[in-house]
Amino acid sequence: MIRLFEQHQIRPVKELDGMWDFTMEGVAKRYRMPVPGCWEQHPDFLKRRGIGTYSREIYMPQPGNLRLEFKGVSHTADVFLDGELVAHHYNAFTPFAGIVTQVEKGVHMLTVQVDNTFSEASALHIPNDYYTYGGITRPVAMEMVPDVYIKGIHFTPRQEEGTWKARVEVSLENLSSQDRQVEIAGCLEPWRGGETGSGHGTGVTEGPDAGASDKAGKGCFRIAGYCREDWKIQGSAKVPAKGEYTLVLEGTFPEVETWSHESPRLYLLHTLLSLDGEVADDLTERVGFRTVALSGKQILVNGKKVFLKGFNRHEDYAVEGCAISLQHMVQDMDLMQDMHVNALRTCHYPNDERFLDLCDERGIMVWEENHARGLSLERMQNPNFERQCEDCIREMIQNHYNHPAIVIWGILNECASDTEEGRRMYKKQYEQIKSLDATRPTTSATCRHFRDLTLDLPDIVSFNQYSRWYEDCDIAERKDAEIQWIREAGGEGKPIIVSEFGAAAVYGYRDRTCCKWSEEYQAQLLRDSLEVYMQDPDISGVFIWQYSDCRVCEEDNWFATRARSHNNKGVVDEYRRPKMAYDVVKELFGKDDFKK
Ligand code: ADA
């Protein structure tokens, strides 16, 4: 499953999850591997760094334009159709697509070369305190698109005189060599997941104009059948030959309900494209009506102050690596909600869209960030760094823009923000985010304490602090010193988030001395930390480091400070077995007298 709701009724889509042929460079044996999946799950490749090749046949039922969508390949992909290169992509954590026009009817060979090695070519995937797996780690789909198709939709809600309105940007691409005129019709439908049990909002229902799309002889998609007349939008556009065009439509949507943590109302935005009077394509996005704003030191959602309380969550599960199955994503969400979270930080990269869909459905507010963790200035000066960061930001916002759950965009966790050169890069990336989305606040988690040069740049200031773990210092005193310095260093009057704090505990290691690495020590530290941070009026959010234990790299000596070659600071281990700290977090996040 590629998303948690149906995105097409007209466009033919076939998901390519399943068993693919697989070979590994330097290994003669041929394998069969699951997609999505990591090759590290196979006993021959438990910690293999190299180039693996996945391949399978695909069938084109009729000649046409083939669009291949990959939701994530770790970490560099070269995609071939019948031996011809159709797409190249770097970064495991953002989607990409390739299009081949005028593909003949019949059987074709799809091949994906996947590289998870570390080299100068990879500025972001480096030996680190999380593992870079190898594989086609997120879902894949093949689609047939007409000569002019809907490439994407961005939905920007706003309130005007007490009524919800929205700007709807419909991105169109013309694959043909002639200019083409298209008609776009759209409408909003309440998403009924969790109410009627359907949850898939197929957009198929009995309606008066059954003929809306039957003329196209495709599916039984209807617009007028279920949509309110006043929740419709439409427009037309001329799309230049071999070019793109964004059609901007305005809609007014009276009587819609807002999206919030307490009541995460969602809607399906259906759009139909007609070419020469015939329905030729469609795209459905799922959206929510909510606003995010800052007021002094407060973060406001729909004008109401929120206190973000949640976890940092790596995409890593014991036997699945980063290719976490939907079942385990739901388990993670269920366990975090059992601990009364209302927020999540996608440390340290854009997440699987199915998990973001879950956050939309459950009302979990998300700080999503580009891919970077702890890069020195030297690492930031890798000639590929800036381009790879900016590609990641663009793809993250382009693909995740419509998730109402995302309330903050983050960048560059613990990078060299204490240098002038580093500041230049931070500034450029913050500006890039604002150019792509001015509706959400920005932040970055710093560890360059008392010397960060960038705190005037983000909308929210966030800091990682490991009092009584890496520094034997009093939690409250250290927090006060940090906040005092933030005020003086450009953060005055801004909301502040404690973006990381915690301690390691090896699952099952109990010790009444409450020594470091024991579950007792971690539980006590989190209790003491939450009691300090959640009572401070200057703090608008806390993200515990971290939700679950995760595998780390052995290169660069990470093993030396990471027992089991894992980061053990989870409140559950990599199999989601709760440690003592689980119940502490559940108790404290669940208390009413803590700021909501
Ligand atoms: C840093 C970093 C995290 C993790 C953490 C730790 O704050 O942002 O990714 O490495 O330290 O466990 O030490």
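The values are calculated or read from the model by the stated rules, or taken from the named source; none is laboratory data. Fair warning: this is a prediction, and the values are worked out from it, not measured in the lab. So basically every Cβ, Gly included, is an ideal-geometry build from the backbone, and we count neighbours across all protein chains shown.
Only one of these is closer than 20 Å to residue 426 by Cβ, in contact with a strand residue (DSSP E or B) (Cβ under 7 Å, 6 or more places away or on another chain) and among the polar types (S, T, N, Q): 413, 402. Name it. Walk me through how you get there before you give the answer.
On the way: 402 fails: closer than 20 Å to residue 426 by Cβ.
Testing whether each residue is closer than 20 Å to residue 426 by Cβ, in contact with a strand residue (DSSP E or B) (Cβ under 7 Å, 6 or more places away or on another chain) and among the polar types (S, T, N, Q) leaves just 413.
Identify, by number, the condition in (1) closer than 23 Å to residue 461 by Cβ; (2) modelled with pLDDT under 95 that residue 319 doesn't meet. For residue 319, the exception is condition (1). On the basis of being part of a strand (DSSP E or B) and away from the ligand (no atom under 16 Å from the Cβ), does residue 323 make the cut? No: the conditions fail for residue 323. Considering the range 460-481, the residues that are surrounded by fewer than 18 Cβ atoms within 10 Å (Cβ to Cβ) and under 30 Å from residue 300 (Cα atoms) include one that is nearest to the ligand (Cβ to nearest atom), namely 478. Taken over the range 40-68, the criterion of being farther than 23 Å from residue 3 by Cα and aromatic (Phe, Trp, Tyr) is satisfied by 45 alone. A residue that is aromatic (Phe, Trp, Tyr), away from the ligand (no atom under 16 Å from the Cβ) and either part of a strand (DSSP E or B) or at pLDDT below 95 (or both) occurs somewhere in the range 153-164.
Evaluate the following for residue 52: is it of a type outside the set (S, T, N, Q), at pLDDT 95 or above and at positive phi?
So residue 52 fails the test.
Within the range 287-322, the set of residues being in contact with a Phe, Trp or Tyr (Cβ under 7 Å, 6 or more places away or on another chain) and of a type outside the set (Lys, Arg) comprises 287, 288, 289, 310, 311, 312, 314, 316, 318, 321, 322. Selection of first residues in the range 365-389 that are modelled with pLDDT under 95 and of second residues that are away from the ligand (no atom under 13 Å from the Cβ), restricted to Cβ pairs under 9 Å at least 6 apart or on distinct chains, gives an empty result. Residue under question is residue 548, and the condition is that it be within 13 Å of the ligand (Cβ to nearest atom) and polar (S, T, N, Q); does it hold? Considered against the rule, which asks whether it is within 13 Å of the ligand (Cβ to nearest atom) and polar (S, T, N, Q), residue 548 comes out as yes.
One residue stands out among those in the range 482-497 that are without any contact (Cβ under 8 Å) to a residue 40 or more places away in the chain and not aliphatic (A, V, I, L, M): the one that is nearest to the ligand (Cβ to nearest atom), which is 482.
Here are 354, 387, 345: which of them is away from the ligand (no atom under 16 Å from the Cβ) and under 22 Å from residue 326 (Cα atoms)? Just one listed residue meets the conditions, 354.
If you go through the range 557-571 one residue at a time, do you hit one that is in contact with a Leu (Cβ under 9 Å, 6 or more places away or on another chain) and closer than 30 Å to residue 320 by Cβ?
yes
So which residues in the range 94-135 are of a type in the set (Phe, Trp, Tyr) and either within 16 Å of the ligand (Cβ to nearest atom) or in a loop (DSSP other than H, G, I, E, B) (or both), if there are any at all? Before you say what the answer is, go through the steps one by one.
From the range 94-135, those of a type in the set (Phe, Trp, Tyr) are 96, 118, 130-131, 133; that's our starting set.
Hits for the range 94-135 are 118, 130, 131, 133.
Taking the criterion of being surrounded by 19 or more Cβ atoms within 10 Å (Cβ to Cβ) and either hydroxyl-bearing (Ser, Thr, Tyr) or more than 16 Å from the ligand (Cβ to nearest atom) (or both), the residues of the range 364-384 that qualify are 364, 365, 366. Which of the residues that make up the range 328-363 are assigned to a loop (DSSP other than H, G, I, E, B) and polar (S, T, N, Q)? Selection gives 342, 346, 351. Based on this model, can you work out whether residue 409 counts as assigned to a strand (DSSP E or B), over 23 Å from residue 192 (Cα atoms) and more than 16 Å from the ligand (Cβ to nearest atom)? Spelling it out, residue 409 is indeed assigned to a strand (DSSP E or B), over 23 Å from residue 192 (Cα atoms) and more than 16 Å from the ligand (Cβ to nearest atom).
Taking residue 52 as the residue in question, decide whether it is touching a residue at least 60 places away in the same chain (Cβ under 8 Å), in a strand (DSSP E or B) and either under 27 Å from the mean Cα position of the chain (by Cα) or loosely packed, with under 15 Cβ neighbours inside 10 Å (or both).
Details: touching a residue at least 60 places away in the same chain (Cβ under 8 Å): yes; in a strand (DSSP E or B): yes; either under 27 Å from the mean Cα position of the chain (by Cα) or loosely packed, with under 15 Cβ neighbours inside 10 Å (or both): yes.
Answer is yes for this residue.
For the range 326-336, the criterion of being closer than 30 Å to residue 575 by Cβ and in contact with a Gly (Cβ under 9 Å, 6 or more places away or on another chain) is satisfied by at least one residue.
Checking each residue in the range 88-117 for being of a type outside the set (Gly, Ala, Ser) and closer than 15 Å to residue 371 by Cα picks out 89, 90, 91, 93, 94, 95. All told, residue 86 falls short of being buried (at least 23 other Cβ atoms within 10 Å of the Cβ) and away from the ligand (no atom under 16 Å from the Cβ). Does residue 67 satisfy the criteria of being charged (D, E, K, R), within 26 Å of the chain's Cα centre (by Cα) and part of a strand (DSSP E or B)? The answer is yes for residue 67. Of all residues in the range 562-569, none are farther than 16 Å from residue 343 by Cβ, in contact with a helix residue (DSSP H, G or I) (Cβ under 8 Å, 6 or more places away or on another chain), away from the ligand (no atom under 16 Å from the Cβ) and in a loop (DSSP other than H, G, I, E, B). Can you tell me which residue in the range 10-29 is farthest from residue 73 (Cα to Cα), limited to those that are among the aliphatic types (A, V, I, L, M) and surrounded by 15 or more Cβ atoms within 10 Å (Cβ to Cβ)? Among them, the one singled out is 10. Confirm whether residue 431 is of a type in the set (Asp, Glu), surrounded by fewer than 19 Cβ atoms within 10 Å (Cβ to Cβ), away from the ligand (no atom under 16 Å from the Cβ) and without any contact (Cβ under 8 Å) to a residue 24 or more places away in the chain. Yes: the conditions hold for residue 431.
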